[in-house]
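Contents: one structure, followed by commentary.
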Amino acid sequence: MIRMEKITKVYPGTTALNNVDFHLKEKEIVSLLGENGAGKSTLMKILYGMTAPTSGEIFYRGEPVKFKRPVDAIEKGICMVHQHFMLVPAFTVTENIIAGSEPNNGVFLDMKKARQEVRELISQFHFNIDPEIKVEKLSVGEQQRVEILKVLYRKADVIILDEPTAVLTPHEVDDLFVILKRLRDGGKSIIIITHKLKETKALADRVVVLRDGNLVADNVNPSAVSTKQLSEMMVGREVNLQVRRPTQHLGDVCLKVSNLTVEEDGKEKVKNISFEIHHNEILGIAGIEGNGQTQLIEALTGICEPKTMELTLDGKLIRGKSDKFLESGIGHVPEDRLSMGLVKEMSVMENMILGYHREPEFCSKTGLLLKKEILRNAEKLKEDFQVKSSGVGAAVSSLSGGNQQKIVISRAFSRKPQAIIIAHPTRGVDIGAMEYIHQQLIELRDQGAAILLVSADLDEVRTLSDRLLVLYEGEIVSESMPGELSEVEMGLLMTGGHTMVEEEDLHE
Ligand SMILES: Nc1ncnc2c1ncn2[C@@H]1O[C@H](COP(=O)(O)OP(=O)(O)OP(=O)(O)O)[C@@H](O)[C@H]1O
Ligand SMILES: [Mg+2]
């Protein structure tokens, strides 16, 4: 289907791809692996006509092609689901899905048919999503589902998915994989970028590995290698993510949340919940996105005002806007790094002090920014977190997705917060970086921080948490200690199974 030959892409200060050959056959699923900044997205953007290679050639069904814009690729039947969403917030789900490929009924747009088709796709996928809701109301996970639906709707022959599963739950991932395999068996070709090696093994027919812009392997049979071997190919060393390191000394109550109710559009998204987090404790929140996590996080970080809540930090009442929360010592790693965690046009260095730029460390008494300190801070964090960029003066928009995430994390962690609200800390980062972020999170806890960890990655919450809550439709439906519940039991609770399953069944 596709041959890309000797593709090189040079950005100022970075060679993103160096002489890479890539091919895709009919009826196969290729998993493209590589560390953050390895060049995966760049290679796919070149194929999709979003950016031109510095040199190299592309052949589609044997014909040389030069896609100038994505529409050229789409016309040929190549579609891409991006790592960063490209939806129109003010449009509904259906409008977003059909935008650019509206079915025609004579001269009029056949909206009825389109609506019907979108509904069918949604139910086929078991995506719990309202086709008539505006996209701006959706969580990131839900937005990702809309992106996937969009590609399916277009019935493309070649489907490129750039980290489509980063924001999905295990159950949704299973559903997606069933569909992708069905599409492949029906003759489609699929390229999937993921940092989850389990997924690569479950789905791919062939694995291609990039490292630092170079091709290191392009014909790996996923069933012939272990995830350990795959991670070694990517990172060049062994990585172990599943080691539990529970807290040794649980401290006093640090963060106390009472009677939290959040209302949105007249609906209760969080229903009168109360919980505590101790010093030296990681409290994990598991649950399928859209069950109140976003609202919970926004209330606990001062981003939105809940209907009712009493929040105390070490006994002190906290209220006000988000800057007050930060100042009081409640750190935040937001779920959507691009809209809330970073200012894309600003440099790495500036982003690394965002929200903390008035602290005496970075700002003189007369209000001048202390450039030297800001630079020193950035250089240190870049080194510690191995942020790959051409320099700390580079704009954040030029960094790869995983490297952007590392900036958000490094900023929040380095302030040594008393308490910290963390959403999906490792979304989009490679396994080497994931291991590092997990270590840092544990270290922060061991230094006394109270940590609220919301993650769609069930493995992650189960490995890191000292205590686990399951959120379902805005309510806490289960509280357990790590290891007490199996993955299956957790999955059941996350989908509302608490109403059907008796206690005894759960502990069987
Ligand atoms: N517009 C740009 N300007 C400058 N450099 C860029 C630009 N886009 C990408 N790069 C650089 O090219 C390299 C490859 O980036 P790319 O986004 O392809 O990585 P990736 O493999 O997709 O990583 P991730 O897993 O983090 O998404 C990175 O070093 C990145 O900083
Ligand atoms: Mg990428």
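The values are calculated or read from the model by the stated rules, or taken from the named source; none is laboratory data. Predicted model only: the values in this text are computed from it and were never measured. Glycine gets a Cβ as well: all are built from the backbone with ideal geometry, and neighbour counts include every protein chain shown.
One table, with the values for the structure above:
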read-out: Residue match in segment 192-199 (condition: away from ligand 1 (no atom under 16 Å from the Cβ) and either modelled with pLDDT under 95 or part of a helix (DSSP H, G or I) (or both)); value: yes
read-out: Residue check for G401: within 16 Å of ligand 2 (Cβ to nearest atom), at pLDDT below 90 and not assigned by TED's automatic domain parsing to the domain that holds T194; value: yes
read-out: Pair list, Cβ < 6 Å and 6+ apart or interchain, from segment 152-177 residues that are within 20 Å of K25 (Cα to Cα) to residues that are within 16 Å of ligand 1 (Cβ to nearest atom) and β-branched (V, I, T); value: I160/I191; L161/V81; L161/I192; D162/I193
read-out: Odd one out for N18 among (1) of a type outside the set (F, W, Y); (2) modelled with pLDDT of 95 or more; (3) away from ligand 1 (no atom under 15 Å from the Cβ); (4) surrounded by fewer than 18 Cβ atoms within 10 Å (Cβ to Cβ); value: (3)
read-out: Counted residues, segment 379-429 - those being outside any loop (DSSP other than H, G, I, E, B) and closer than 21 Å to S41 by Cα; value: 12
read-out: Enumeration of residues in segment 178-187 that are over 17 Å from G77 (Cβ atoms) and either surrounded by 22 or more Cβ atoms within 10 Å (Cβ to Cβ) or in contact (Cβ under 8 Å) with a residue 60 or more places away in the chain (or both); value: K181, D185
read-out: Candidates G448, G496, G483, filtered to the one that is away from ligand 1 (no atom under 16 Å from the Cβ), surrounded by fewer than 20 Cβ atoms within 10 Å (Cβ to Cβ) and modelled with pLDDT of 95 or more; value: G448
read-out: Residues satisfying the stated conditions in segment 316-341, i.e. in a loop (DSSP other than H, G, I, E, B) and in contact (Cβ under 8 Å) with a residue 24 or more places away in the chain; value: G329, P334, E335, D336
read-out: Boolean, R206 is surrounded by fewer than 20 Cβ atoms within 10 Å (Cβ to Cβ), out of contact with any strand residue (DSSP E or B) (no Cβ under 6 Å at 6 or more places or on another chain), of a type in the set (K, R) and within 17 Å of F22 (Cα to Cα); value: no
read-out: Answer from F67, F59, F91 - the residue that is touching a helix residue (DSSP H, G or I) at 6+ places or on another chain (Cβ under 9 Å) and surrounded by fewer than 20 Cβ atoms within 10 Å (Cβ to Cβ); value: F91
read-out: Residues satisfying the stated conditions in segment 442-460, i.e. within 21 Å of the chain's Cα centre (by Cα) and closer than 23 Å to G329 by Cα; value: I442, I451, L452, L453, V454, S455
